[in-house]
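Remarks on the structure that follows.
The values are calculated or read from the model by the stated rules, or taken from the named source; none is laboratory data. Fair warning: this is a prediction, and the values are worked out from it, not measured in the lab. With ideal geometry, Cβ positions are generated from the backbone for all residues, glycine too; neighbour counts draw on all protein chains shown. Each accessible area value is taken on the protein alone, full model and side chains, heavy atoms only, with ligands, DNA and RNA left out. Shrake-Rupley method; radii C 1.70, N 1.55, O 1.52, S 1.80 Å.
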Amino acid sequence: MQRLTRQRNAVFSAFSDAGRVLTAPQILAHAREIVPEISLSTVYRQVSLLLADGEIAKVELPGEPARYEVACKPAAHGQPGHGDSHADHHHHYFHCSSCGQVYLLHSCPGPMDDLAPKGFQVKSHEVTLHGICASCAGAETTGKGRAGKSH
Ligand SMILES: [Zn+2]
Ligand SMILES: [Zn+2]
Ligand SMILES: [Zn+2]
């Protein structure tokens, strides 16, 4: 039991930084810092348990491996009017084309009914922003950690 709790905590703590959306191998890399003997199959098992408990949610972006995020409690947002039920709150993502990391966006541009042709009913939408994340943008401007040409 003790061991299982440690593994679960190791897996869950990978998400401790706000806005982290992780693939199973990324979770494994983090969990290994806490429980060195943890295996990928253990990570998958813990992930499916956490999914079943509603602690984390699956993120599927087109052409990308499955990722996982901490399930968001709407109350934690402190955004009145953003919807009381969990169903009203959904996420969008920022995909960094430099490091490949996916970041969670809690804000939503709102209903997009206007984009659809007249008479169409919009039921849901997905928004993924593509670009360079802050840490990659920083690395680019300072030139640190990059083996690129200097001109
Ligand atoms: Zn990046
Ligand atoms: Zn959220
Ligand atoms: Zn939205």
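The figures follow:
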quantity	calculated
Hydrodynamic radius by Kirkwood, which averages 1/r over all alpha carbon pairs of segment 1-72, in angstrom	12.0 Å
Alpha-carbon Debye profile of segment 97-143, log10 I(q)/I(0) at 0.14, 0.21 Å⁻¹	-0.54, -0.80
Inter-part distance where segment 1-73 and segment 103-138 are each reduced to a Cα centre, Å	25 Å
Order of exposure, largest accessible area first, which applies to V70, V11 with probe 1.4 Å	V70, V11
Segment S41-S13, extension gain: residue separation times 0.36 nm, minus the distance between their alpha carbons	8.4 nm
Accessible area (Å², 1.4 Å probe, nearest 10) - T23	20 Å²
Estimated FRET transfer efficiency (T128, E55; beta-carbon r; R0 35 Å; 0.05)	0.90
Exposure rank, largest accessible area first [D114, D53; 1.4 Å]	D114, D53
Percentage relative contact order, segment 1-72, counting C-alpha pairs under 8 Å, at least six apart	33 percent
Size of charge dipole - segment 1-72 - debye, nearest 20, with Cβ of Lys, Arg +1 and Asp, Glu -1, no other charges	220 debye
Simple label model, 7 Å out from Cα along Cβ direction - S48 to A66, nm	0.9 nm
